[in-house]
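Where a number appears in this text, it was derived from the coordinates with a stated rule and is not lab data. These numbers were taken from a predicted model, which means no experiment stands behind them. All Cβ positions, even for glycine, are placed from backbone atoms using ideal geometry, and neighbour counts span all protein chains on display.
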Amino acid sequence: MLTCKEFDEFMVDYLDGGLPIWQKYMCWLHVKMCRECAYFVQQYRRAIALEKSAFDCPDDAVPESVPEELVKAALTRRKNM
Amino acid sequence: MPRGQEITDTAEFFERSASERQQCTDDAEAMLVHSLRKSEDSGYETLVRSYGPQVMAIARRYLRSEVDAADCFQDTFIAVYQSIERFQQRSSFRQWVRGVAVKQCLMRLRRRPRQRQESIEHTLPMFDDRGSRVDVSNPRQKSAIDELLDAEKMRAVVRESIDKLPEDYRLVLLLRDIDGYSTSEAATILGIKLSATKTRLHRARSALKYILEPILGQTGCYVDM
């Protein structure tokens, strides 16, 4: 079985689903057998989900967040090129 | 146009199938690209007004400075305008503009004097001699924030936490988790090896987990696990 340290090195690929089937199984088995790593993975996943939710629709900035002067400056700059 | 007519049109729009709406977006993008290639003033203004909020959001997120974000905003549109011939429709135009904005931000960050970064070593996973995990929980977790944060406050706390990370870690997190680049794309954008990108990403996520531990217990309300 993998040690916690070995499992930790696979973590990014494991959560991305990017591991070959055998390594994926070894990681899955480790998480099933190790309470500390299972808790770590749970908290780690929560942190990622929370991080993503903090930027839900990251590009949906409200239109007024771009000051009109800035829009005009951008238009003028191109005209002056 | 009478108000009732407007509402009917809006309702009709939302009743359209997703593919029809996508077609409308594709057509509008194609017209915009065509207009930019012809150097039309109206095309450039449409570009700045339509994509401005998106570009500004990216610039604020990466640069954390309103002044730099404003400069980057202008640089991005000039870069889009000057390199429009290089847009080859392998991605949507919106996606391409996003990429230009991100690259402009990174160029600007590279020009900034390197600041001393706070160590995150104490937040990283630790192991004993046998390779078993050692608990490195955030001590503040024991006195977790009692007040139940609403969704907006929660977002603010998370954004502030990301801002606290050292630049190298913050950038890989933004590219990979927020802007949706793959790990190998993030490696290319940052100009570092794939293995180094994975290490940075894991360290960044581990540090963020540590910082957020006092509120992670509350996430069940807002995060679909």
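When the square roots of the Cα gyration tensor eigenvalues are ordered a ≥ b ≥ c, the ratio a/c for the range B:121-221 is 1.5 or more and a/b does not exceed b/c, which makes its shape oblate. In whole angstrom, the range B:43-95 maps to an equivalent ellipsoid with semi-axes of 20, 12, 10, each derived as √(5λ) from the alpha carbon gyration tensor and ordered largest first. Provide the net charge surrounding B:Ser42, with neighbours chosen by a C-beta distance below 14 Å and charges set as Lys +1, Arg +1, Asp -1, Glu -1. So the environment of B:Ser42 carries a net charge of +2.
Mean residue ellipticity, 222 nm, helices only, chain A: the sum of -39500 (n - 2.57) across DSSP H runs of n ≥ 4, divided by residue count and rounded to 500, is -23500 deg cm²/dmol.
Each of A:Leu70, B:Leu212, B:Leu194 was scored by other Cβ atoms within 10 Å of its Cβ. Arranged with the fewest first, they read B:Leu194, A:Leu70, B:Leu212.
Per-residue Karplus couplings for the range B:57-64, computed as 6.51 cos²θ - 1.76 cosθ + 1.60 with θ equal to phi - 60°, are listed in order as 4, 5, 4, 5, 5, 7, 8, 6 Hz, Gly and Pro entered as x. I want to make sure I understand the PRE zone here: with the label point 7 angstrom from the Cα of A:Ala73 toward its beta carbon, which residues in the range B:53-97 have backbone N atoms less than 11 Å away? Flagged as within label range: B:66-75. Amide H to amide H distances under 5 Å link B:Phe127 with B:Val134, where only residues 5 or more positions off or on other chains count and H is placed in the peptide plane.
Please state the charge dipole magnitude for the range A:4-79, taken about the Cα centre, from unit charges on C-beta atoms (+1 on K and R, -1 on D and E), reported in debye and rounded to the nearest 20.
Roughly 100 debye for the range A:4-79.
Please label the shape of the range A:4-79 as rounded, prolate or oblate, based on the square roots a ≥ b ≥ c of the eigenvalues of the alpha-carbon gyration tensor (a/c under 1.5 means rounded; beyond that, a/b larger than b/c means prolate, else oblate). Verdict is prolate for the range A:4-79. Multiplying the residue separation of B:Arg130 and B:Ser92 by 0.36 nm and subtracting their alpha-carbon distance yields 8.7 nm. For the residues of B:201-214, the average number of beta carbons from a partner chain within 10 Å of their own beta carbon is 4.
Would you mind computing, in nm to one decimal, how far apart the modelled labels at A:Asn80 and B:Ala30 are, each placed 7 Å from Cα along Cα→Cβ? Roughly 3.7 nm, to one decimal. Note on B:Gln23 and B:Arg159: the extension gain reaches 45.5 nm, defined as 0.36 nm multiplied by sequence separation minus the Cα-Cα distance. By the count of neighbouring beta-carbon atoms within 10 Å, fewest first, B:Arg49, B:Arg170, B:Arg112 end up ordered B:Arg112, B:Arg49, B:Arg170.
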